[in-house]
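Enquirer: Got a structure for you, questions after.
The values are calculated or read from the model by the stated rules, or taken from the named source; none is laboratory data. Since we're looking at a predicted model, the values are computed, not measured. Cβ coordinates were reconstructed from backbone atoms using ideal geometry, including for glycine residues, and neighbour counts include every protein chain displayed. Just the protein is used for accessible areas: all its heavy atoms, side chains included, with ligands, DNA and RNA removed. Shrake-Rupley method; radii C 1.70, N 1.55, O 1.52, S 1.80 Å.
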Amino acid sequence: QACFASLVSQDYVNGTDQEEIRTGVDQCIQKFLDVARQTECFFLQKRLQLSVQKPEQVIKEDVSELRNELQRKEALIQKHLSKLRHWQQVLEDISVQHKKPTEIPQGPLAYLEQASANIPAPMKQT
């Protein structure tokens, strides 16, 4: 709040130079960072107390985090496997098309039509 207050304060609007505004905002930001460090320190102290008083709770949290990470990685593996199967199928379809015996077309127009029929449609990117 102090950071924004210094920017919209009437004191600054009524003819203060940019350097004074910058200095005021820098001071407010520094105060904000100090309070953030104090808050972080408070929570770290509470975490330390919890780990001393109830070590099983910390282990449960760690196990829960590891399970979540495993689930996330398993989902990622399944996504990659799905893409792999898709591309394997595309490659298989292409190889099957090339192995089919093609009829010899009659005339240049028939040959062009036959060749264009063998061109695969563009794939959507996923």
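Enquirer: Just a yes or no: is a residue in the range 101-123 open to solvent by 90 Å² or more (accessible area, probe 1.4 Å), over 30 Å from Gln1 (Cβ atoms), modelled with pLDDT under 80 and acidic (Asp, Glu)?
Expert: The answer is yes, given that some residue of the range 101-123 is open to solvent by 90 Å² or more (accessible area, probe 1.4 Å), over 30 Å from Gln1 (Cβ atoms), modelled with pLDDT under 80 and acidic (Asp, Glu).
Enquirer: Lys83 is checked against (1) surrounded by 10 or more Cβ atoms within 10 Å (Cβ to Cβ); (2) free of Cβ contacts under 8 Å to residues at least 40 places away in the same chain and fails just one. What number does that condition carry?
Expert: (2)
Enquirer: So, in the range 21-58, of the ones that are of a type in the set (Asp, Glu) and open to solvent by less than 100 Å² (accessible area, probe 1.4 Å), which residue ends up modelled with the lowest pLDDT? Give the derivation first.
Expert: Of the range 21-58, the ones of a type in the set (Asp, Glu) are 26, 34, 40, 56.
Okay, now just the ones that are also open to solvent by less than 100 Å² (accessible area, probe 1.4 Å), so 26, 34, 56.
Numbers: Asp26: 87, Asp34: 94, Glu56: 91.
Among residues in the range 21-58 that are of a type in the set (Asp, Glu) and open to solvent by less than 100 Å² (accessible area, probe 1.4 Å), the one modelled with the lowest pLDDT is Asp26.
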